[in-house]
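Take a look at the structure set out below.
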Amino acid sequence: MGNLRVGLIGLGMMGRHHARVLREVEGVDLVAVADAYGDPHGVAKDLPVLHSVEELISAGIDMAVAAVPTGMHEEVGLALAAAGIHTLVEKPIAASAPAGQRLVDAFAARGLVGAVGHIERFNPALQSLRKRIANGELGEVYQIATRRQGPFPSRIADVGVVKDLGTHDIDLTAWLAQSRFESIFAQTTTRSGRPHEDMVAATGKLANGIITNHLVNWLSPMKERLTIVTGEKGAFVADTVTADLTFFENGTIATEWDSIGAFRGVSEGNMTRLAIAKPEPLRTEHEAFRDAVLGLRNDVVSMAEGQDTLIVAEAVLESARTGTNVKIAAL
């Protein structure tokens, strides 16, 4: 069997990275690219720049990557589903939960692989962390906390920080814990003059009892991407900027300092920065998408999972708007 023929629509900041990786992944050929606004980064190289999803479909592709603005996900995704094309849509799945559900239904009805580009799941530090949690290295998990802060990304114009960046943390938290969000309370603010929120603080509870905390903004002058998972045996800290994973073990040596010894909780133990392989997350994501299309494995972020993440993101915004703790209905 020959290589899978892949089309890419959306040649902006994310599209250029998708194009580069698609040209590197074995078993796929990038055969068509499209963007109604042209090719500002020279992504196409020797390929003609098509202007619409219809033209992309006409190129005879097996699978597609949609890196268009969020507001166009539904239109582009539905066209690709109708044409019978397996599709990876950049996160979030859509601009609204009703639009996301229409995408879920369209791909399911045709028996197609529909995936959402929540790339953090494929970060080496988080991949290793999930395996270690599953193997019981942390014991019972108590809390998952994330911090995702940095300067404003100029590529974003049609959604706020919750749907753009916050969806990363919603998805990775539920994935690490293997449990859906049950409730969320959040506060947001807008300080930059743009129409959407640019800072959020949220606390949540998962269906399995794990509590969560998320700080997300694009107003900070430093870049921070941390996931901290605390459990009965210690805490893992994953830095997804550097793909480093560190384990802070609960202490087993009694302290001789009386004022600290009065504290009846855990004490500091050994700290170990773990040696892990560090493949590029985007490449790992594309390899998983390729293998899902081939029926070899299924560890992509499904559209149903992407929809669940979007529902939680909208609950975050509802909580901030109403000042209430929002319950999230089970699917």
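Read-outs throughout are calculated quantities, based only on the coordinates presented, and are distinct from any laboratory measurement. From a predicted model like this one, the values you see are computed outputs, not experimental measurements. Glycine also receives a Cβ, built like all others from the backbone with ideal geometry; neighbour counts cover every protein chain displayed.
For E24 and D244, compute 0.36 nm times the residue count separating them, minus their Cα-Cα distance, and round to one decimal in nm.
The span from E24 to D244 would gain 76.8 nm if fully extended.
Would you mind checking K91/K233; K163/K223; K223/K278; K131/K327; K91/K223 for any pair whose Cα atoms are more than 27 angstrom apart?
Those over the limit are K91/K233; K131/K327.
Nearest 500 deg cm²/dmol is fine: what mean residue ellipticity at 222 nm does the chain get from its DSSP H runs of n ≥ 4 alone, each adding -39,500 (n - 2.57), divided by its residue count?
It comes out at -9000 deg cm²/dmol, rounded to the nearest 500.
Put +1 on the Cβ of each Lys and Arg and -1 on the Cβ of each Asp and Glu in the chain; which of V21, L176, V76 then has its Cα farthest toward the positive end of the dipole?
L176
If I fit a long axis through the Cα atoms of helix 167-177 and take the longest principal axis of the Cα atoms of the chain, what angle between them do I get, 0 to 90°, rounded to 10?
60
Just to be sure I understand: if I project the alpha-carbon convex hull of the chain onto a plane and average over all orientations, what area do I get in nm²?
So the mean shadow area of the Cα hull is 18.8 nm².
Taking the Cα centre of the chain as origin, sum charge times position over the Cβ atoms of Lys and Arg (+1) and Asp and Glu (-1), and report the length of that vector in debye to the nearest 20.
That gives a dipole near 240 debye.
From the C-alpha coordinates alone, can you work out the Kirkwood hydrodynamic radius of the range 1-140, in Å?
Kirkwood hydrodynamic radius for the range 1-140: 15.9 Å.
What order, most packed first, do the peptides 322-330, 309-317, 97-105 have when packing is the mean number of other Cβ atoms within 10 Å of each residue?
The packing order, highest mean first, is 309-317, 97-105, 322-330.
Based on the mean of other beta carbon atoms within 10 Å per residue, what is the order of 216-225, 125-134, most packed first?
125-134, 216-225
Do any trypsin sites (Lys or Arg not before Pro) in the range 1-86 lie in a loop, going by DSSP, with at most 15 other beta-carbon atoms within 10 Å of their beta carbon, and if so which?
R23, K45
How many nm is it between the label spots at F152 and L226, if each spot is 7 Å from the Cα in line with the beta carbon?
The modelled label-to-label distance comes out at 2.6 nm.
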